[in-house]
Amino acid sequence: MSDINDFADQLQADVISDMAESFFGDRKELDNALEAYAAMVKEFLPVIENLFRAAATLRLLLLDEATADGFCAELGLDPCRIPLAEEAPVLVHESLPFALTGKGRYITCVETAYRGLFDAIRDYLHGRCYNDPKRPGRKRMTMHYKRLEEIADIINEKIHKANNDRSVSSMLRELKNMNPEQMEREDLLGDVCYRKGEGVDSDMCFMPIDFDGYCFPEVVELPPVNEVRPAIKRFCKRVYDDRRDDVRKVMDTFRGR
């Protein structure tokens with residue numbers, strides 16, 4: 001009989017040990033996931049900066065808000081498709097394709113800036129492949145909006161499960177129920193410890209990721225340059241004819257002069 005009791009005690013101890021290992025292992029995994037997510041957001045910041053700089057560069061060449069609105073109307077775009085980035089520094093292009101006339105150079109500058117914003121938005125939303133410097137032959141993807149959104153959803157689902165299905169109070173109840181003698185004793189921890197969502201649960205629950213709280217820019221992909229090139233040329237010709245001096249000044253800034 002003693003052997004049976006010893007076996008039962010050891011079995012119970014093993015079960016309790018496994019439960020505790022699983023419980024605290026899951027929490028450690030979530031801690032690591034939240035830490036990794038913070039690092040991903042930090043990795044994403046230069047992508048946001050590049051997006052704003054690309055938008056600022058195109059807006060520089062479009063002279064002012066009214067002209068930028070006219071540009072979007074010519075291309076059939078909502079003006080909000082070009083993000084506002086008034087304080088962002090422009091992306092300087094010291095080398096541009098050759099053009100015989102000032103008008104031709106302006107068209108080239110605007111096409112280049114538009115393509116830069118198109119690429120920046122695509123990289124922001126979907127990322128860009130690059131060669132892994134640590135593993136030759138392997139491709140990696142830059143951090144992007146869609147990936148951060150998806151990972152936040154996955155982590156938040158795990159947090160919801162940890163806070164509800166595997167809360168501290170639920171584990172304490174399971175452990176207490178495994179010991180009939182303990183159930184008959186006075187509950188030293190107090191009932192509040194076993195009420196879902198209260199007491200120790202509220203102190204030890206995980207806070208879900210507030211993805212909207214990051215206030216990442218809301219952007220929409222632009223049509224490729226080849227689809228809007230005729231409209232860009234028409235618009236740039238009119239602007240150059242009407243405001244030649246202003247155009248020359250912003251082109252000098254665009255080219256780092």
* Asked: Residue check, THR57 against (1) closer than 30 Å to ASP252 by Cα; (2) of a type in the set (Ser, Thr, Tyr); (3) at pLDDT below 90, all met but one. Which one?
  -> (3)
* Asked: Do the conditions hold for TYR106, that is, is it surrounded by 15 or more Cβ atoms within 10 Å (Cβ to Cβ) and out of contact with any Lys or Arg (no Cβ under 9 Å at 6 or more places or on another chain)?
  -> no
* **Check on ALA85, surrounded by 15 or more Cβ atoms within 10 Å (Cβ to Cβ) and modelled with pLDDT under 90** => yes
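In segment 41-77, which residues are outside any helix (DSSP H, G or I) and touching a residue at least 12 places away in the same chain (Cβ under 8 Å)?
Step one: list which residues in segment 41-77 are outside any helix (DSSP H, G or I), which gives 62-64, 76-77.
LEU62, LEU63, GLY76, LEU77 - these are the residues of segment 41-77 that are outside any helix (DSSP H, G or I) and touching a residue at least 12 places away in the same chain (Cβ under 8 Å).
Being without any contact (Cβ under 8 Å) to a residue 24 or more places away in the chain and part of a helix (DSSP H, G or I) is the filter here, so list the residues in segment 209-238 that pass it.
In the first step, residues of segment 209-238 are kept if they are without any contact (Cβ under 8 Å) to a residue 24 or more places away in the chain; the result is 210, 212-213, 215, 218, 226-227, 230, 238.
ASP212, GLY213, ASN226, GLU227, PRO230, ARG238 - these are the residues of segment 209-238 that are without any contact (Cβ under 8 Å) to a residue 24 or more places away in the chain and part of a helix (DSSP H, G or I).
Could you please find all residues in segment 241-257 being within 12 Å of CYS109 (Cα to Cα) and in contact (Cβ under 8 Å) with a residue 24 or more places away in the chain? Write out each step before concluding.
From segment 241-257, those within 12 Å of CYS109 (Cα to Cα) are 247-248, 250-255; that's our starting set.
VAL247, ARG248, VAL250, MET251, THR253, PHE254, ARG255, listed by residue number.
Kindly indicate whether any position in segment 131-144 is assigned to a helix (DSSP H, G or I), surrounded by 16 or more Cβ atoms within 10 Å (Cβ to Cβ) and not small (Gly, Ala, Ser). Give the steps one after another, and end with the answer.
If we filter segment 131-144 for residues that are assigned to a helix (DSSP H, G or I), which is where we start, we get none.
Checked against the condition, which is being assigned to a helix (DSSP H, G or I), surrounded by 16 or more Cβ atoms within 10 Å (Cβ to Cβ) and not small (Gly, Ala, Ser), segment 131-144 yields no hits at all.
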* Structure fact -> Among residues of segment 242-257 being within 13 Å of THR67 (Cβ to Cβ) and outside any loop (DSSP other than H, G, I, E, B), the residue nearest to the chain's Cα centre (by Cα) is VAL250
* Would you mind telling me which numbered condition in (1) crowded, with 17+ Cβ neighbours inside 10 Å; (2) of a type in the set (Ser, Thr, Tyr); (3) modelled with pLDDT under 95 TYR240 fails? => (3)
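The values are calculated or read from the model by the stated rules, or taken from the named source; none is laboratory data. Since the model is a prediction, treat every value here as computed from it, not as a measurement. When we count neighbours, we look across all protein chains shown, and the Cβ atoms used for this are built from the backbone with ideal geometry, even at glycine.
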